[in-house]
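The block underneath contains the structure these notes are about, expressed in structure tokens.
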Amino acid sequence: MKHLRSIEELGVEGIVRILSLSEHMAQVNQRPVPKVPALIGRTVVSLFFEDSTRTRISFETAAKRLSADTMTFSVSTSSVNKGESLRDTIETVSAMGVAAFVVRHKTSGIPWQLSQWTDACIINAGDGWHQHPTQALLDTYTVMSTLGRTPSATCLAGLRIAIVGDVRHSRVARSNVQAFTALGAQVVLVAPRTLLPPGVEDWPVEISSSLDEVIGDVDVLYMLRMQRERMNEALVPHLGEYSQRFGLDERRATLLRDTTLVMHPGPMNRGVEMVVDPATLPGNVITRQVANGVSVRMAVLFDVLGGSEVTTGAQT
Ligand code: NCD
């Protein structure tokens with residue numbers, strides 16, 4: 001059974017395979033009717049125990065474009081509220097004949113746990129602070145395709161990518177560092193000491209505490225959201241001060257090269273990490289990330305569910 005639980009588990013070969021498949025899916029999405037019968041008769045269930053706008057809708061759109069049946073398990077109206085355990089919940093839903101679960105949960109490691117309780121494929125849509133592999137894949141795809149590169153194990157070679165902000169609480173940062181560096185990019189984390197995770201010395205990255213020093217010299221500026229809901233300590237003395245040192249404001253934006261891609265996983269905290277309106281920046285690809293998310297998630301669903309290449313009807 002195939003799962004997508006982490007970038008590490010996917011490996012370089014897997015990342016390149018998904019990127020290639022995403023190119024086919026992007027072609028499908030350009031058609032007047034962006035739909036193929038690849039996953040007809042298969043059921044994909046979204047199981048979101050944490051808030052989400054874009055990831056959930058993106059997966060559901062992706063599943064529908066591959067003609068899968070989709071179900072949304074909405075935690076707030078389910079028997080979870082009557083005390084049903086996660087195990088009973090997943091076993092009950094699995095018994096209805098589910099091909100894949102797309103799971104988001106506040107606890108790190110839940111996707112591995114779930115895969116012991118069901119025969120369905122598990123796709124991790126975010127587990128705690130740990131991993132968000134499809135975000136990393138769509139970000140990698142966005143960088144690669146915007147720069148006119150093609151999928152390969154070295155397709156991000158020579159690029160310098162800054163990931164800025166709340167790395168400590170960010171599953172996006174963990175997944176993206178793994179994916180970007182696996183494909184040859186050089187990553188620099190820019191954050192106050194308190195927002196770096198324990199053990200960061202062992203990550204394959206450079207570290208800086210000055211955005212001003214780094215910003216003019218990067219190919220990609222990846223801004224992270226301040227994860228205020230995950231902070232139970234005063235890690236940042238004052239949001240205004242954080243914003244002044246690590247936010248992308250108008251002055252700092254003038255230090256960017258015109259060719260630097262500006263990215264954010266969303267949802268954005270305007271006025272905190274994103275002070276300037278990103279729509280005014282030449283390298284802004286934030287909406288492109290969202291659009292690419294659908295193609296990349298189609299590729300992931302197709303890959304884990306073992307659809308056949310022919311049935312995508314994509315032209316190569
Ligand atoms: C991210 C998440 O939930 O991890 N959002 C997303 O999926 N696009 C990032 C975030 O919440 O900051």
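The values are calculated or read from the model by the stated rules, or taken from the named source; none is laboratory data. Everything numeric in this text was worked out from a predicted model, so none of it was measured. So basically every Cβ, Gly included, is an ideal-geometry build from the backbone, and we count neighbours across all protein chains shown. SASA here: full protein model, heavy atoms, side chains in, ligands and nucleic acids out. Shrake-Rupley method; radii C 1.70, N 1.55, O 1.52, S 1.80 Å.
Here are the numbers for the structure shown:
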read-out: Dipole axis of the chain (+1 Lys, Arg; -1 Asp, Glu on Cβ), positive-most option in T287, V16, T181; value: T287
read-out: For the chain, built as a Gaussian network whose Cα springs stay under 10 Å, the top-fluctuating residue of T287, T53, T142; value: T53
read-out: Amide proton proximity set for L248, modelled H, under 5 Å, gap of 5+; value: M274, V275, V276
read-out: Relative packing of 271-279, 89-97, which averages over residues the other C-beta atoms within 10 Å, highest first; value: 271-279, 89-97
read-out: Pairs of Cα atoms farther than 12 Å apart, segment 23-72, %; value: 64 percent
read-out: Loop sites in segment 168-254: GluC sites (Glu not before Pro), DSSP, at most 13 other Cβ within 10 Å; value: E233
read-out: Mean Kyte hydropathy of 0.0 or more with a Cα span along the axis of at least 15 Å, helices from DSSP in the chain; value: 7-29, 133-146, 286-305
read-out: Efficiency of FRET between K35 and R160 - r from beta-carbon atoms, R0 35 angstrom, step 0.05; value: 0.35
read-out: Accessible-area ranking of S52, S76, largest first, probe 1.4 Å; value: S76, S52
read-out: I57 - accessible surface, heavy atoms, 1.4 Å probe, Å² rounded to 10; value: 90 Å²
read-out: Per-residue SASA entry for K106, accessible area with 1.4 Å probe, Å² rounded to 10; value: 150 Å²
read-out: Proximal lysines to K106, defined as alpha-carbon separation beneath 25 angstrom and excluding residues fewer than eight positions away on the same chain; value: K2, K82
read-out: Solvent-free Debye scattering, log10 I(q)/I(0), computed from the Cα coordinates of segment 158-316 at q = 0.09, 0.19, 0.20 Å⁻¹; value: -0.33, -1.21, -1.32
read-out: Summed residue charge, Cβ within 15 Å of K35's Cβ, Lys/Arg positive, Asp/Glu negative; value: +3
read-out: Approximate spin-label separation T259-S209, in nm, with each point projected 7 Å along Cα-to-Cβ; value: 3.3 nm
read-out: Neighbourhood net charge (13 Å Cβ-Cβ; Lys/Arg +1, Asp/Glu -1) for A95; value: -2
read-out: Convex hull volume per residue for segment 78-192, taking Cα atoms only, in Å³; value: 128 Å³
read-out: Test item: Cα-centred dipole of the chain, Lys/Arg +1 and Asp/Glu -1 on Cβ, debye; value: 660 debye
read-out: Extension gain from D119 to L147, taking 0.36 nm per residue of separation minus the Cα-Cα distance; value: 6.2 nm
read-out: Counted charge near L255, where neighbours are those whose Cβ lies closer than 15 Å (Asp, Glu -1; Lys, Arg +1); value: -2
read-out: Inter-centroid distance (Cα atoms) of segment 102-148 relative to segment 235-263, Å; value: 28 Å
read-out: Positive-end residue, the chain charge dipole about Cα centroid, Cβ charges, pick of V218, H238, G97; value: G97
read-out: Estimated translational D of the chain in µm²/s (Stokes, Kirkwood radius over Cα pairs; 10 °C; 1.306 mPa s); value: 79 µm²/s
